[in-house]
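Read through the structure below, which is laid out as structure tokens, and then see the notes.
Each reported figure results from applying straightforward, stated rules to the coordinates on display, with no laboratory input. Keep in mind it's a predicted model, so treat the numbers as computed, not measured. Don't worry about glycine lacking a Cβ; one is built from the backbone with ideal geometry, like all the others, and counts go over all protein chains shown.
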Amino acid sequence: MNYERTVLFLEKLGQTQLLEYYDELNEREREILLAEIEKVNFGVIGNINKSRAEDGGKVAPCAAKSLRDIAENREYYEREGIRLLQENKVAAVLLAGGQGTRLGFDKPKGTFNIGETRTLSIFGQLMNNIKEVTDRAGCFFPLFIMTSTVNNDDTVDFFRKNEFFGYPQEKIHFYVQDSEPVCDFNGKVLLADKHRPAQSPNGNGGWYSSLVNAGLSEVIEREGIEWINVFGVDNVLQRICDPAFIGATALSGRACGAKVVKKTCPEERVGVLCEKGGKPCIIEYYEMPPELASLRGADGELKLGYGVILNYLFRVKELDETIEKKLPYHLAKKAVAHVEGGKIVTPDKPNAVKFETLVVDMVKFMGSCLAFEVAREKEFAPVKNKTGTDSVDTARELLKQNGIKL
Ligand code: UTP
């Protein structure tokens, strides 16, 4: 679009503030600005005043494959999981597009060194976890790594410098997740600088649509992949493509599986897997009414006690539907640096809205989900904060308890 057409286009949308500094820009910057404006998904801004309609339906606990059941049937589940891996029916997606603001580390979170006497990056630790499975199965699975426009180059460089941690390079596929515009509380898109609208990664629910938009569904089709294990970057004890989990989910006939741990207390900050209106559903901790979170059964256990740890197995067949059905947008109010009065200002309190979709919302669109319980001390060591709960310190402690030398 040329300048005149862009003006008309933005006037219709009430977004002409994006051209406020056009006269000050050089030729190159003008071209960038017009091209960037054309790419902005203005349609998403309509969600700003929509309070997310609460799904009807009663919240009810969901049953899970318990630790005991899994221990009794481990061999059976693992055999099936290994078979699916060896037949190349499984791939994994590492979600590494987040900004890791709580950790306060300005590089990709996966490059953070959790070692003490040696260098051990979070990515390195996850790749070690993967190696245990590929050694056992005697084969490698396709590994997709989702980054964002902010951290893609650093992430790819890091893998290259570390020689892909010994994983066959042709099996690793990086892709950049899509972005959404960032706007002020009145729905006006902000300028990140004078020639660039502010954008931010579209949330971890964007993993599949971004993979498709990046042209990688072609790999899934070509390789005949039937299951995708999606996992977060920040759990350093994460078991990836765990054969027992794959086998149990596939044998259950359900369209997806979610690894869960028993919550330690009603207030624990994890999403809870339950049922709503007869469908699987994950309620985020900040959306869970306290009176529901603290309900206990006759055995004293929390009724809604299964917390998710960002490790899901999705059947490919049903995934396209999640795109068609469109995940709801969650609005995150954040402090975002932007151009104001001709200068970049960095606010100390939230001034902007980011639009994100969440992987937790995919579960209900899949229709059925197997809750697969795992022992938290063996599989759950999230690195969210610098210190305190779910921090570098607690994760290091858990790694050591699991015999990993730091
Ligand atoms: P978090 O919810 O912890 O968000 O992400 P974050 O951005 O990494 O961290 P904070 O909240 O700013 O401190 C959970 C997982 O989802 C991925 C993250 O990389 C992490 O693996 N994620 C999150 C994405 O891949 N893309 C996103 O847009 C958001």
Put a dot 7 Å past each Cα toward the Cβ at Arg5 and Ser217; how far apart are the dots in nm? 2.8 nm
Starting from the Cα of Lys262, draw a straight line to each of the aspartates and glutamates and keep only those under 17 Å, dropping any in the same chain fewer than 8 residues away. Asp69, Glu275, Glu284, Asp299, Glu301, Glu373, Glu377, Glu379, Asp390
Return the whole-Å distance between the Cα centroid of region 111-151 and the Cα centroid of region 55-109. 16 Å
In nm, to one decimal, how far is the Lys400 label point from the Arg83 one, both placed 7 Å along Cα→Cβ? 4.3 nm
Taking 0.36 nm per intervening residue step and subtracting the Cα-Cα distance, what contour gain separates Asp69 from Glu291 on full extension? 76.9 nm
What do you get for GluC sites (Glu not before Pro) in region 7-108 restricted to DSSP loop and a cutoff of at most 10 other Cβ within 10 Å of the site's Cβ? Glu54
Taking a point 7 angstrom from the Cα of Asp23 along the C-beta vector, which residues in region 321-360 have backbone N less than 19 Å away? 340-343
In square nanometres, what is one fourth of the surface area of the convex hull spanned by the alpha carbons of region 299-406? 12.1 nm²
Cut-off under 5 Å, modelled amide H: who pairs with His173 long-range: Leu143, Phe144, Ile145
So Arg136 and Ala335, fully extended at 0.36 nm per residue minus their Cα-Cα distance, gain in nm 67.0 nm
Rounded to a whole number, the Stokes-Einstein D of region 312-366 in µm²/s (Kirkwood radius over Cα pairs; 20 °C; 1.002 mPa s) is 156 µm²/s
Can you compute the radius of gyration and Dmax for region 220-323, using only the Cα atoms, both in Å? 15.3, 51
Quick one: of Lys107/Lys194; Lys39/Lys326; Lys107/Lys354; Lys333/Lys400; Lys276/Lys386, which pairs are farther than 28 Å apart, Cα to Cα? Lys333/Lys400; Lys276/Lys386
In deg cm²/dmol and to the nearest 500, what is the mean residue ellipticity at 222 nm of the chain if only DSSP H runs of at least 4 residues count, each as -39500 (n - 2.57), divided by the residue total? -9000 deg cm²/dmol
Using alpha carbons only, what's the Rg to Rh ratio of the chain with Rh from Kirkwood? 0.98
When the charge dipole of region 72-135 is computed with +1 at the Cβ of Lys and Arg and -1 at the Cβ of Asp and Glu, the Cα pointing farthest to the positive end, of Ala92, Ser121, Gly81, is that of Ser121
